[in-house]
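Novice: Before I ask anything, let me first share the structure, which is written out below as structure tokens.
The values are calculated or read from the model by the stated rules, or taken from the named source; none is laboratory data. The structure presented is a predicted model; accordingly, all values stated were derived computationally and were not measured. Every residue, glycine among them, receives a Cβ derived from its backbone with ideal geometry; neighbour counts consider all protein chains shown.
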Amino acid sequence: MQEISSRRYVVQRIGFGVLVLAALLVVLPILLVVGAIILKGIGAINWEFLTTMPRDGMKAGGIFPAIVGTLLLTLGAALAAIPFGVGGAIYLSEYARDTWLTRAIRLAIVNLAGIPSVVYGLFGLGLFVLFLRFGTSILAGSLTLAIMTLPIIISTSEEALRAVPMEFRTVSASLGGTRWQGIRNIVLPQALPGIITGVILGLLRAGGETAPILFTVAAFFLPRLPQSPFDQTMALPYHLYVISTQVPGMPLQVQYGTALALLALVLSLNVVATVIRSYFRRRRQW
Amino acid sequence: MLTEIANPKIRIEHVSYAYDGEEVLRDVTLDVPANAVTAFFGPAGGGKTTLLRLINRLNDLVEGTHLTGQILLDGQDVYATGTNIARLRRRVGMVFALPLPLPGTVRENVLYGPRLAGERDRSRQEEIVVRSLRQAALWDEVKDRLDGPASALSGGQQQRLCIARSLALEPEVLLLDEPTSGLDPISTAKVEESLLELKQHYTIIIVPHSVQQAARVADHAAFFLMGALIEYQPGKRIFTTPHDKRTEDYVTGRFG
């Protein structure tokens, strides 16, 4: 008896050990990637690098237009994707009945999420740049990124809305509220943390993408800030691709510096999202 | 068996109701008098709650249902086309088995309905808060924490808040679906006491959580069994001299 239980104890210890190892293996790559980029790139980061135009065929100067471009593209994608994404999620969660149409919509969403990003790029080129004559522009690039973000925003928002107990809707209705008043006053505020999470996750992905902006907006070298939504712009991910593969004799430190700037931008957006989310979550009460 | 009275507040006529093809209510006919407490009692699954939710059309939210018959409120069919459902629900308030405060403060909970109904005036709102909480016998306990979170109240207080929330709309009818099922005896007594006050002004239908509660609070009581109205008698006679064998068995505790 004693022996069996001590053997079980050992087996359990080994089991736990394996699980801990598995968890550590997830942490390891991110530490290595982030660590390597910081080590090799931090030397390039200074005020001038972050706030001036590139010079000497991008080998010197800064990455300011690429930073601004990425922020503008992400903002543009947010403006386009949030109303449609959240609206679609509200429809699917609150109004849609289970019909062939809603099943088709759900199928489309799942499939949209699985489409490779370069295909979105080509789609954006065809629809926005050529057919709608937006040209290679921030508008075309933002909309392309927005479409790519939609499935993430819709599915996470829908999940967040469904997590709000049905009874809240019933209570609101019993007090003379219309369906929309219940959604607007009770359900949406309760689902907000989840929706924000989905939006940020989607936008983070969009902000770091290269392929969708490749044909729709990104400029190889454009050392000035965009003046209108119909301008091209540089963007961090594409800039990183360019200086890593297209410019001979590029100082390695500049490449890593650019990678670090992109990473910092994305991660800081992530932190902002987490703060917003926890603020709203503290106000939630069920 | 009494099913028709003069000038009923609510007249339920040959109501049958099916959900996904399964019959939940079978040809129910009864009149509910004004300014009294009417209890719908009987074992679980008898269709009492469903009938309540048909009166204020809350079951409209459910899909796959089939209703025949009529429910008249002051002689008007509540299922008539063109009925303003929001207004109907303001006239027929409802309190649920589980108290569910809405997110927000005590005050916000009470004012949720009136605000949706367009009440913007601050002093009127204040009056509504005081009157509703008084009527629900909650005022003394929460008057100093009106702007505190409603979720911080005790279960019994939350249920009385839910009653106050319904009363804020000055409904004509109050539907109570096992309002004390989750409450301790003291809170239950408080809720029952407030019902005695409320019936002066409101028509109350309660699905009690026990026969004892039905006997305590009801002016009239209807016994439901498996979707059918078995017996309906004015006053408390149904508890002492039931006509139907099944009612007698249930009231005396032989099944239930």
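Novice: So B:Ser132 fits all but one of (1) more than 14 Å from chain A (Cβ to nearest Cβ); (2) assigned to a helix (DSSP H, G or I); what number is the exception?
Specialist: (1)
Novice: Give all pairs with beta carbons closer than 6 Å in which a residue from the range A:180-191 that is facing chain B (nearest Cβ under 10 Å) and on the phi > 0 side of the Ramachandran plot meets a residue that is surrounded by 20 or more Cβ atoms within 10 Å (Cβ to Cβ) and modelled with pLDDT of 95 or more; count only pairs at least 6 apart in sequence or on separate chains.
Specialist: Pairs that qualify, where the first residue is facing chain B (nearest Cβ under 10 Å) and on the phi > 0 side of the Ramachandran plot and the partner is surrounded by 20 or more Cβ atoms within 10 Å (Cβ to Cβ) and modelled with pLDDT of 95 or more: there are none.
Novice: Here's another thing I want to ask about it. Of A:Ile147, A:Ile153, which residue is away from chain B (no Cβ under 14 Å), closer than 19 Å to A:Thr274 by Cα and within 15 Å of the chain's Cα centre (by Cα)? Full working, then the answer.
Specialist: Details: A:Ile147 fails: closer than 19 Å to A:Thr274 by Cα.
Every option except A:Ile153 fails the conditions.
Novice: Out of all the residues in the range A:190-220, which are part of a helix (DSSP H, G or I) and touching a Phe, Trp or Tyr at 6+ places or on another chain (Cβ under 8 Å)? Lay out the reasoning, then the answer.
Specialist: Initial filter on the range A:190-220 (part of a helix (DSSP H, G or I)): A:190-207, A:211-214.
Once the filter is applied, which keeps residues that are part of a helix (DSSP H, G or I) and touching a Phe, Trp or Tyr at 6+ places or on another chain (Cβ under 8 Å), the range A:190-220 yields A:Gln190, A:Leu192, A:Pro193, A:Ile196, A:Ala211, A:Pro212, A:Ile213, A:Leu214.
Novice: Would it be correct to say that B:Gly69 is more than 14 Å from chain A (Cβ to nearest Cβ), within 20 Å of B:Glu22 (Cβ to Cβ) and surrounded by 23 or more Cβ atoms within 10 Å (Cβ to Cβ)?
Specialist: On the way: more than 14 Å from chain A (Cβ to nearest Cβ): yes; within 20 Å of B:Glu22 (Cβ to Cβ): yes; surrounded by 23 or more Cβ atoms within 10 Å (Cβ to Cβ): no.
For B:Gly69, the condition - more than 14 Å from chain A (Cβ to nearest Cβ), within 20 Å of B:Glu22 (Cβ to Cβ) and surrounded by 23 or more Cβ atoms within 10 Å (Cβ to Cβ) - is not met.
Novice: Further question: When the range B:94-129 is examined, which residues are found to be within 14 Å of another protein chain (Cβ to nearest Cβ) and part of a loop (DSSP other than H, G, I, E, B)? Steps first, please.
Specialist: Taking the range B:94-129 first, the residues within 14 Å of another protein chain (Cβ to nearest Cβ) are B:94-106, B:108-119, B:128.
Answer for the range B:94-129, where residues must be within 14 Å of another protein chain (Cβ to nearest Cβ) and part of a loop (DSSP other than H, G, I, E, B): B:Phe96, B:Ala97, B:Leu98, B:Pro99, B:Leu100, B:Pro101, B:Leu102, B:Pro103, B:Gly104, B:Ala117, B:Gly118, B:Glu119.
Conditions tested, residue by residue: (1) touching a residue at least 12 places away in the same chain (Cβ under 8 Å); (2) within 14 Å of another protein chain (Cβ to nearest Cβ); (3) assigned to a helix (DSSP H, G or I).
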position	(1), (2), (3)
B:Asp147	yes, no, no
B:Ser151	yes, yes, yes
B:Gln157	yes, no, yes
B:Arg160	yes, no, yes
B:Arg165	yes, yes, yes
B:Lys190	yes, no, yes
B:Ser194	yes, no, yes
B:Glu197	yes, no, yes
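Novice: Further question on the same structure: Out of (1) in contact with an Asp or Glu (Cβ under 9 Å, 6 or more places away or on another chain); (2) in a loop (DSSP other than H, G, I, E, B); (3) at the interface with chain A (Cβ under 10 Å from one of its Cβ atoms), the odd one out for B:Thr83 is which?
Specialist: (3)
Novice: What tally of residues in the range A:235-258 results from selecting those that are within 19 Å of A:Ala219 (Cβ to Cβ) and outside any loop (DSSP other than H, G, I, E, B)?
Specialist: 13
Novice: Find all pairs meeting these conditions: Cβ atoms under 7 angstrom apart; at least six residues apart or on different chains; first residue within the range A:95-122 and under 21 Å from A:Ala211 (Cβ atoms); second residue of a type in the set (Phe, Trp, Tyr) and outside any helix (DSSP H, G or I).
Specialist: Correct list of pairs: A:Gly121/A:Phe215; A:Leu122/A:Phe215.
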